[in-house]
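Step one of this worksheet: look at the structure below.
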Amino acid sequence: MIKKVIFSLNNKMVQVEADEQTPLLYILRNDFQLNGPKFGCGLGECGACSVLIDTRVARCCVIPLIAVEGREVQTLEGLGSIESPSFVQKAFIDEQASQCGYCTNGMIITTTAFLNKCAVKPSKEQIKEALRANLCRCGTHIEIIKAVEAAAENLFSDASNLLEEGN
Ligand code: FES
Ligand code: FES
């Protein structure tokens with residue numbers, strides 16, 4: 001059924017009229033030209049299409065448009081820009097943590113959600129566990145883990161500097 005759906009997209013309210021069962025991934029890429037999320041498997045299994053919905057990671061190839069009515073969707077583009085990348089995006093650039101880049105969107109979105117809920121700097125094992133369900137066919141895992149460790153280092157050293165300044 002065609003429906004007008006209103007939701008927040010990268011911190012702006014948007015509306016789209018489409019079949020309510022259209023996968024959110026198609027809406028983001030075709031209606032909003034947000035090409036950060038990629039079509040990988042189309043089955044919710046690889047993570048390439050990941051976005052944040054209300055701060056939680058969601059695989060939007062299997063999420064119908066209607067499911068985001070009134071909710072907050074954030075894509076890779078909403079995290080930062082080329083001029084001003086987020087701390088996670090910057091770490092992936094600094095570590096050159098991609099080859100074909102197809103998995104990078106999912107890796108960055110998942111890392112962002114993961115680090116945002118870590119109370120302390122995660123171990124390498126915790127990082128590997130957090131990214132376990134994101135597939136990389138190029139075998140870039142070593143650089144990806146290094147990038148996440150660098151982002152975590154950055155995040156938690158900034159946090160401890162702020163605590164020290166507050167003392
Ligand atoms: S494209 Fe969505 S999980 Fe693979
Ligand atoms: S860099 Fe190619 S799929 Fe991960």
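Nothing in this text is a laboratory measurement; each read-out follows from the coordinates by a stated rule. None of the values given here were measured: they were computed from a predicted structure. All Cβ positions, even for glycine, are placed from backbone atoms using ideal geometry, and neighbour counts span all protein chains on display.
With 20 Å as the limit, the listed pairs Lys124/Lys146; Lys38/Lys121; Lys90/Lys146; Lys90/Lys121 have Lys38/Lys121 beyond it between alpha carbons.
Placing a pseudo-label 7 Å from each Cα along the Cα-to-Cβ vector at Arg56 and His141 gives an inter-label distance of 2.7 nm.
When the alpha carbon gyration tensor of the range 87-166 is reduced to an equivalent ellipsoid, its three semi-axes come out at 24, 13, 10 angstrom, largest first.
What FRET efficiency do you get for Ile66 and Cys100 if R0 is 35 Å and r is their Cβ-Cβ distance, rounded to the nearest 0.05? Calculated transfer efficiency: 0.60.
Here the ratio of the Cα radius of gyration of the range 2-79 to 2.2 N^0.38 Å is 0.96. For the options Leu155, Leu65, Leu131, a Gaussian network treatment of the chain with springs between C-alpha atoms closer than 10 Å singles out Leu155 as fluctuating the most. Tell me the Kirkwood hydrodynamic radius of the chain in angstroms, computed as one over the mean inverse distance between distinct C-alpha pairs. Across the chain, the inverse of the average 1/r is 16.5 Å. Each of Ile2 and Ala18 was given a label point 7 Å from its Cα along the Cα-to-Cβ line. The distance between the two points is 1.5 nm. Taking 7 Å steps out from each Cα toward its Cβ at Ser84 and Asn35 produces label points 2.4 nm apart.
DSSP assigns beta bridges within the range 1-157; of those with both partners inside it, close to 90 percent run antiparallel.
Computed from phi, the 3J(HN,Hα) profile of the range 44-54 under the Karplus parametrisation 6.51, -1.76, 1.60 (θ = phi - 60°) reads x, 10, 9, x, 4, 9, 4, 9, 9, 10, 6 Hz, with x in place of Gly and Pro.
In the chain, which Cys residues have no partner Cys with a Cβ closer than 4.7 Å? Cys with no partner Cβ under 4.7 Å: Cys60, Cys100, Cys118, Cys138.
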